[in-house]
Amino acid sequence: MSAAPDTCISVEEYLDLERRAERKAEYYQGRICLMAGASVNHNLIAANLIAAVHGRTKGTPCRVFPSDLRVKCPSGLYTYPDAIIVCGERDLEDKHRDTLLNPTVLFEVLPPSTETYDRGAKFDHYRAIPSLQEYVLIAPDQLRIEHYQRDDNADRWTFLAHHEPAAILRLKTGDVSIPLNEIYANVELDEPRVELRTIDNH
């Protein structure tokens, strides 16, 4: 993301600008922040993910949406997750029907520039969404998926990590299961880092 401007604008001004803008921007507490362009890997992963979820949710009350659908958090953050699953009726903010209030699952592909934000402050905003049940973070350059699930206790989240091609991302939402090698199909990953050490046998 680029740096936010010094001037503050209202939510109404932001939404008016956003509906006419060529580039997407986040909004929080009067400030907008342009979202950086996505890499080839980022786009491939997002496309693979949406196709996989779409195929597995046919005939269910769950629907998957790409990053063009804006999400509003109770904190007032407006943002664009890389993919969204909504189960049941969609709660939309106004007559424009382009701002979602009740996501069930949110996915973010993690570019280096926003990785810390997506894991930290952004997840803090997301956790406050009452409808949200799962949050999935996907590394774009190595085989790594981090999966957070809300427990029955609304204040507690369970963390699962997946690193192997044969591993399966299992969402409790819609009973969706996706092999990692399907999510990473045609994605050129970095070579895994290997630590070399000299062993003294004496």
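In table form, for the structure just shown:
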item	result
Fraction of antiparallel bridges per DSSP, segment 64-148 only, in percent to nearest 5	65 percent
Solvent-accessible area per residue for the chain (1.4 angstrom probe, square angstrom)	57 Å²
Where a label projected 7 Å from the Cα of HIS163 along Cα→Cβ would reach, residues of segment 108-151 with amide N under 11 Å	143-145
Cysteines in the chain lacking a second Cys C-beta under 4.7 Å	CYS8, CYS33, CYS73
Theoretical gain in end-to-end length, ARG20 to ASN153 [0.36 nm per residue, Cα-Cα removed]	43.8 nm
For the chain, built as a Gaussian network whose Cα springs stay under 10 Å, the top-fluctuating residue of LEU169, LEU160, LEU137	LEU160
Accessible carbon and sulfur surface of the chain relative to its total accessible area, %, 1.4 Å	50 percent
Orientation-averaged projected area, Cα convex hull of the chain (nm²)	15.0 nm²
Spatially close lysines, pair count over the chain: Cα under 17 Å, gap of eight or more or interchain	5
Nearest 10 degrees, 0 to 90: helix 40-56 Cα axis against the chain principal axis	80 degrees
Rounded if a/c under 1.5, otherwise prolate or oblate - segment 107-195, Cα gyration tensor axes	oblate
Where labels lie 7 Å past Cα in the beta-carbon direction, separation of SER39 and GLU188 in nm	1.1 nm
Unit charges at the beta carbon, dipole of the chain: most positive-side option, ALA121, TYR80, LEU100	LEU100
Euclidean distance between Cα centres, segment 130-175 to segment 1-74, Å	20 Å
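The values are calculated or read from the model by the stated rules, or taken from the named source; none is laboratory data. All of these numbers come straight from a predicted model, not from anything done at the bench. Every residue, glycine among them, receives a Cβ derived from its backbone with ideal geometry; neighbour counts consider all protein chains shown. Keep in mind that these areas ignore ligands, DNA and RNA; they rest on the heavy atoms of the full protein, side chains included. Shrake-Rupley method; radii C 1.70, N 1.55, O 1.52, S 1.80 Å.
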